[in-house]
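Notes follow the structure.
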Amino acid sequence: MMLEVQVMTTIYVNPDKKHDQIVKLSDGSYGVMKAKKEMAGIAYQFNFISHQHPGFVISHAPVNGDVENVDSIDGKQSFKIAWRS
């Protein structure tokens with residue numbers, strides 16, 4: 001029986017920037033967080049430069065310590081949100 005090892009990657013978000021910003025990941029790679037208007041309010045889209053991480057959207061403002069679980073073609077990935085200044 002094979003155990004699936006799931007690595008959690010931390011996304012460092014500047015809480016003072018409420019809209020678009022460049023984010024850094026704990027593995028040293030970078031991405032972009034963009035705020036986008038939706039019918040239910042503002043959603044936040046994360047896209048990453050490294051192809052090893054899938055992009056995803058959350059329907060709420062990023063919260064320090066939250067974990068987002070994302071299904072991708074390579075399996076589940078978990079991302080933890082952490083504040084940075």
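Readers should treat all values here as calculations from the given coordinates under stated rules, not as data from a laboratory. Note that the coordinates shown come from a computational prediction; the quantities given were computed from them, not determined experimentally. Backbone-built Cβ (ideal geometry, glycine too); neighbour counts: all protein chains shown.
Projecting the Cα positions of 14, 79, 47 onto the charge dipole of region 8-83 (unit charges on Cβ atoms of Lys, Arg, Asp and Glu, taken about the Cα centre) puts 14 furthest along the positive direction.
A simple spin-label model places pseudo-atoms 7 Å from Cα toward Cβ; at residue 85 and residue 35 they are separated by 2.2 nm. Annotation: average projected area of the chain is 6.2 square nanometres, based on the convex hull of Cα atoms across all directions. Using the Cβ of residue 22 as centre and a radius below 12 Å, the other residues enclosed give a net charge of +3, where K and R count +1 and D and E count -1.
Between residue 17 and residue 49, the simple label model (points 7 Å from Cα in the Cβ direction) yields a spacing of 1.3 nm.
Phi-derived couplings, Karplus 6.51 cos²θ - 1.76 cosθ + 1.60 at θ = phi - 60°, listed residue by residue for region 69-77: 9, 10, 8, 9, 4, 9, x, 6, 10 Hz, with x used for Gly and Pro.
Using alpha-carbon pairs under 8 Å, 6+ residues apart, how would you state the relative contact order of region 8-83 in percent? Over region 8-83, the number comes to 28 percent.
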